[in-house]
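The values are calculated or read from the model by the stated rules, or taken from the named source; none is laboratory data. Treat the numbers as computed from the prediction; the structure is a model and nothing was measured. Neighbour counts are summed over all protein chains in view; Cβ atoms, including those assigned to glycine, are modelled from backbone coordinates with ideal geometry. Protein only, heavy atoms only, side chains kept; ligands, DNA and RNA dropped before computing areas. Shrake-Rupley method; radii C 1.70, N 1.55, O 1.52, S 1.80 Å.
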Amino acid sequence: MNAQKFPRMIKIGQNFGPHTSIGNVYTAVRGEIEGILPSTRMKPGDSVAITVGSRGIANLPEIVRAIVDELKNWKCKPFLVPAMGSHGGATAKGQVEVLAHYGITEDGLAVPIKSSMDVEEVGRTEDGLSVFVDKNALSADHIVVFNRVKPHTDFRGDVESGLLKMMTIGLGKHKGAMYYHQAAVKLTGPKVIRTVGRAVIRNCPVALGLAVVENAYDETAIISALLPQDIETGEGKLLTKAREIMAKLPFQEMDLLIVDRMGKNISGTGMDTNVVGRVMNIYTPEPEWPKITRIFVRDLTEETGGNAIGLGMADFTTEKLAGKINWDATYTNAITGLVVEKARLPVVCKNDKEALETALKTIGLVSPDEAKVVWIRDTLSLEEVMVSEAFLPFVREMSNLEVRGEPKEFSFYENGDLVDDL
């Protein structure tokens with residue numbers, strides 16, 4: 001029997017255009033907060049709760065340390081609150097462990113981490129929704145809301161992932177996250193986040209928000225401190241900028257996308273839906289682009305703790321990945337977010353080689369060695385990718401793409417796993 005044919009792959013670089021990044025993130029964060037503190041009601045001796053979520057934000061430990069240090073410099077008493085809905089298995093201990101994965105610990109920052117799943121109802125929105133907020137955050141004299149602003153992975157609107165979402169899903173903990181996702185089926189995600197966020201600002205001691213935006217190279221590009229009354233408008237402007245500078249795949253149509261790793265630290269849905277073009281939920285229509293016939297995901301990140309939310313967007317995976325799944329954490333996340341489709345198990349293959357062979361048999365009347373294949377590290381790492389030779393004529397015509405190697409065959413270890421060429 002003839003051996004399975006595979007396309008040859010070429011490494012290319014993507015130029016995402018002019019971009020800015022902040023050199024000294026720690027200093028920039030402290031400067032932003034220092035400039036806005038006199039306009040808040042904070043005074044020496046006040047306690048301050050700082051929200052920290054479960055996303056793999058660039059320079060996360062430095063940003064959190066800078067917030068803590070500047071508040072201490074103001075003679076306040078800061079502490080951290082894990083604000084992450086149902087993540088970490090929806091347990092107080094699990095959410096502390098999520099922070100530890102990112103290098104954020106009580107000993108490292110010399111501040112308490114107060115983790116609990118208990119919430120208190122603080123009011124209602126104009127639509128009559130109950131507003132739930134973490135009890136530890138409410139125990140503080142002030143709350144500092146910190147998050148990254150970026151396009152959301154489950155819905156589209158003028159408010160997506162950012163400070164308002166942190167006040168809604170993050171501070172709402174498991175109870176609030178489940179409730180708000182249910183409400184979003186009828187009211188839409190943007191409306192729920194906007195109205196709940198407004199209610200939190202109105203009824204809770206929110207002192208300021210700190211928003212960050214990342215560029216296409218996964219670098220901190222913008223840091224913005226906002227007073228409560230400016231959060232909604234300011235976040236909208238930052239979201240527009242985040243959309244403009246986010247990374248994308250080099251092509252809009254392909255037969256197969258290979259993803260080395262997925263996880264909660266990469267995206268809330270394991271793989272960014274804005275990159276792979278699959279949403280798979282009951283309240284958002286599927287995007288028109290990109291069009292990807294098959295997706296093969298090879299592994300989970302260590303930081304995701306076995307949470308494989310988003311795996312349902314793939315068509316093929318490996319026994320290695322399947323063996324790492326924590327189904328309790330995955331199902332809790334999927335059910336809370338009403339995205340049970342994203343917890344489905346795709347075709348599980350013995351190893352990478354079998355998965356590639358099988359995937360290439362399911363792309364239609366396309367010879368495997370002529371298939372249009374893209375291979376990426378993860379949906380955050382798109383500066384360098386591998387593409388099959390079928391794309392080479394298009395690469396040479398596109399000024400933002402650069403060939404960075406010679407065509408080479410896929411190579412495999414004895415156990416059938418891919419030799420990493422990225």
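Dividing the Cα convex hull volume of the range 159-206 by residue count, how many Å³ per residue is that?
Values: hull volume 3.0 nm³, N = 48.
Enclosed volume per residue, from the Cα hull, is 62 Å³.
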Worksheet entry | Accessible area (Å², 1.4 Å probe, nearest 10) - Y331 | 110
Item to complete: Give K77/K191; K135/K342; K11/K320; K264/K408; K291/K342 a once-over and call out the pairs whose C-alpha atoms are over 28 Å from each other.
Response: K77/K191; K135/K342; K264/K408
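Place a +1 charge on the Cβ of each Lys and Arg in the chain and a -1 charge on the Cβ of each Asp and Glu, then give the dipole magnitude about the Cα centre in debye, rounded to the nearest 20.
Numbers: 48 positive and 56 negative charges, 218 e Å.
In debye, rounded to 20, the chain gives about 1040.
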Item to complete: Could you check how much of the accessible area of the range 191-275 is carbon and sulfur, as a whole percent, using a 1.4 Å probe?
Response: 46
Fill in: Heavy atoms of D118: accessible area, 1.4 Å probe, square angstrom to 10
90
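Around T301, with a cut-off of 10 angstrom between Cβ atoms, what is the net charge of the other residues, counting Lys and Arg +1 and Asp and Glu -1?
Details: positive: R261, K264, K324; negative: D260, D299, E302, E303, D378.
Summing Lys and Arg as +1 and Asp and Glu as -1 gives -2.
Using 0.36 nm times the number of residues separating D107 and Y283, minus their current alpha carbon distance, what extension gain do you get?
Values: separation 176, 0.36 × 176 = 63.36 nm, distance 4.18 nm.
Once the chain is fully extended between D107 and Y283, it gains 59.2 nm.
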Worksheet item: Which number comes out as Rg/Rh for the range 222-316 once both Rg and the Kirkwood Rh are worked out on C-alpha atoms?
Response: 1.04
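If you place +1 on the Cβ of every Lys and Arg and -1 on the Cβ of every Asp and Glu, how big does the dipole about the Cα centre of the range 191-235 come out, in debye to the nearest 20?
Working: 4 positive and 6 negative charges, 89 e Å.
With only Lys, Arg, Asp and Glu charged at Cβ, the dipole is about 420 debye.
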Worksheet item: With the calculation restricted to Cα positions, what are the radius of gyration and Dmax of the range 88-216 in angstrom?
Response: 14.6, 44
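Charges at C-beta only: +1 for Lys and Arg, -1 for Asp and Glu. How large is the resulting dipole of the range 2-82 about its Cα centre, in Debye rounded to 20?
360
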Discussion item. For a quick check of your reading of the filter: which trypsin sites (Lys or Arg not before Pro) in the range 31-99 sit in a DSSP loop and have no more than 14 other Cβ atoms within 10 Å?
Written reply: R41, K75
Discussion item. Run the Debye formula on the Cα coordinates of the range 304-356, all scatterers equal and no solvent, and tell me log10 I(q)/I(0) at q = 0.26 1/Å.
Written reply: -0.95
Practice prompt. State, to one decimal in nm, how far the label point of K248 lies from the label point of E319, with both points 7 Å from Cα in the Cβ direction.
Written response: 4.0
Discussion item. Suppose accessible area is computed on protein heavy atoms with a 1.4 Å probe; arrange M271, M117 from highest to lowest.
Written reply: M117, M271
Item to complete: Would you mind computing, in nm to one decimal, how far apart the modelled labels at V340 and Q229 are, each placed 7 Å from Cα along Cα→Cβ?
Response: 4.6
Worksheet entry | Sites S411 and N203, calculated FRET efficiency, Cβ-Cβ separation with R0 41 Å, nearest 0.05 | 0.10
Fill in: Heavy-atom accessible surface of the range 35-182: percent carbon and sulfur, 1.4 Å
48
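When the Kirkwood hydrodynamic radius is evaluated over all pairs of different C-alpha atoms of the chain, what value in angstrom, to one decimal, is obtained? Write down the numbers at each step before the final one.
Working: mean 1/r = 0.0450 Å⁻¹.
Mean inverse Cα-Cα distance, inverted, gives 22.2 Å.
What length, rounded to one decimal in nm, is gained on full extension from D118 through to K5, with 0.36 nm per residue of separation minus their alpha-carbon distance?
Working: separation 113, 0.36 × 113 = 40.68 nm, distance 5.57 nm.
So the extension gain works out to 35.1 nm.
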Worksheet item: Which percent, to the nearest 5, of DSSP beta bridges fully inside the chain are antiparallel?
Response: 45
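With a 1.4 Å probe and all protein chains left in place, how much accessible area per residue does the range 302-400 have, in Å²? Don't skip to the answer; put the middle values down first.
Working: 4270 Å² over 99 residues.
Per residue, the range 302-400 has an accessible area of 43 Å².
With a sphere of radius 14 Å drawn around the Cβ of V81, what net charge do the other residues whose Cβ falls strictly inside it have (Lys, Arg +1; Asp, Glu -1)? Don't skip to the end; give the middle numbers.
Numbers: positive: K77, K114, K135, K173; negative: E106, D118, E120, D134, D141.
So the environment of V81 carries a net charge of -1.
Counting only protein heavy atoms and using a 1.4 Å probe, what share of the accessible area of the range 321-397 belongs to carbon plus sulfur, as a whole percent?
Details: 1760 of 3480 Å².
Answer for the range 321-397 is 51 percent, counting heavy atoms of protein chains only.
Accessible area per residue for the range 150-204 in Å², computed with a 1.4 Å probe and the full protein assembly in place, what is it? Working shown, then result.
On the way: 1780 Å² over 55 residues.
Here the per-residue accessible area is 32 Å².
Provide the net charge surrounding K173, with neighbours chosen by a C-beta distance below 11 Å and charges set as Lys +1, Arg +1, Asp -1, Glu -1.
Values: positive: K135, K175; negative: D118, E120, D134.
Here the charged neighbours net out to -1.
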